[in-house]
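Q: Sharing a structure, written as structure tokens. Questions coming.
The values are calculated or read from the model by the stated rules, or taken from the named source; none is laboratory data. Values in this document were obtained by computation on a predicted structure and should not be read as measured data. Backbone-built Cβ (ideal geometry, glycine too); neighbour counts: all protein chains shown. Just the protein is used for accessible areas: all its heavy atoms, side chains included, with ligands, DNA and RNA removed. Shrake-Rupley method; radii C 1.70, N 1.55, O 1.52, S 1.80 Å.
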Amino acid sequence: MIKEVAMSPRYRVTLTQDDRKELEALTRRGKTHARRVIHARALLLCDAGIDGPAWNVADIAKALGITSRTIEHLKKRFVTDGLESAMERKPREKPPREILFDGAFEARLIALACSEAPEGHQRWTVRLLADKVVELNIAPSISHMTVQRILKKTNLDLTSASTGKSRRKEAQHL
């Protein structure tokens, strides 16, 4: 049985004089991110135009200390999207994870923690707060550890002295 290996399409980089000048200036400039300089050098070495050396990908990768896959991706971005797109990282389309609990949620949780404890309890616990948040439809579900992290972030301790429910005793003067 013979396996068919899908070959990735090869992209041919042909730089204009302006592109070449811009990339050469970028490699000589002092205040530039290292990644941009390496990518600029890679594109200059990939140049298959009249003025370009047209190195192969493996030699470029070895010379610059990057992977050949990186160079292939760089060439693809240059051919499809242009020079600026090739030099910049692609922006994320969405954040790494969704923000479930924002500042408004935290404010409501803190207000709940500072309120009177439920009947039959002397003070709030993180588990009681988590259950009450779900009961009041503030959030569809929440872990008691999430409640604990939010309260810790705001330096709110569930003891009565820190939630404002008891007055501090004044120091007696001698």
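Q: At what distance in nm do the modelled label points of residue 76 and residue 153 sit from each other, each positioned 7 Å from its Cα along Cα→Cβ?
A: Result for the modelled spin labels: 3.6 nm.
Q: I've got another one for you. When N counts the residues of the stretch 70-139, how does its alpha-carbon radius of gyration compare numerically with 2.2 N^0.38 Å, as a ratio? Write out the running numbers ahead of the final one.
A: On the way: Rg = 23.9 Å, N = 70, 2.2 N^0.38 = 11.1 Å.
Ratio of Cα Rg to 2.2 N^0.38 Å: 2.16.
Q: While we're on this one: How large is ³J(HN,Hα) for each residue in the stretch 28-39, as worked out from phi by the Karplus curve 6.51 cos²θ - 1.76 cosθ + 1.60 (θ = phi - 60°), to whole Hz, x for Gly and Pro?
A: 8, 5, x, 9, 9, 4, 4, 4, 5, 5, 5, 5
Q: Now a separate question. Grab the other residues whose beta carbon is less than 13 angstrom from that of residue 134, score K and R as +1, D and E as -1, and report the net. Could the numbers behind the result be given before it?
A: Values: positive: 108, 127, 132; negative: 131, 135.
In short, +1.
Q: Ok, one more. Bin by bin, in steps of 10 Å, what percent of the Cα pairs in the stretch 103-154 do you find, going until the bin that has the longest distance?
A: 26, 63, 11, 0
Q: Give a quick list of trypsin sites (Lys or Arg not before Pro) in the stretch 91-120 that DSSP marks as loop, anything other than H, G, I, E or B, with at most 16 other Cβ atoms within 10 Å.
A: On the way: sites: 92, 97, 108; in loops: 92, 97.
Sites meeting the loop and neighbour criteria: 92, 97.
Q: Take the Cα atoms of the stretch 1-130, find their three principal axes, and give me the spread along each one in whole Å, biggest first.
A: That works out to 84, 55, 24 Å along the principal axes.
Q: Something else now. Return one whole number: the accessible area per residue of the stretch 17-87 in Å², for a 1.4 Å probe. Display every interim value, and only then the final one.
A: Numbers: 4200 Å² over 71 residues.
Here the per-residue accessible area is 59 Å².
Q: Heavy atoms only, probe 1.4 Å: what % of the accessible area of the chain goes to carbon and sulfur, would you let me know? Don't skip to the end; give the middle numbers.
A: Numbers: 6820 of 13340 Å².
Taking all protein chains in place, the chain shows 51 percent carbon and sulfur surface.
Q: While we're looking at this one, here's another question. Given points 7 Å out from each Cα along the Cα-Cβ axis, report the residue 58 to residue 88 separation in nanometres with one decimal.
A: So the label points at residue 58 and residue 88 sit 3.6 nm apart.
Q: Additional query: Apply the a/c threshold of 1.5 to the C-alpha gyration tensor of the stretch 7-72 and tell me whether it is rounded, prolate or oblate. Write out the running numbers ahead of the final one.
A: Numbers: a/c = 2.10, a/b = 1.22, b/c = 1.73.
Because a/c hits 1.5 or more and a/b fails to exceed b/c, the stretch 7-72 counts as oblate.
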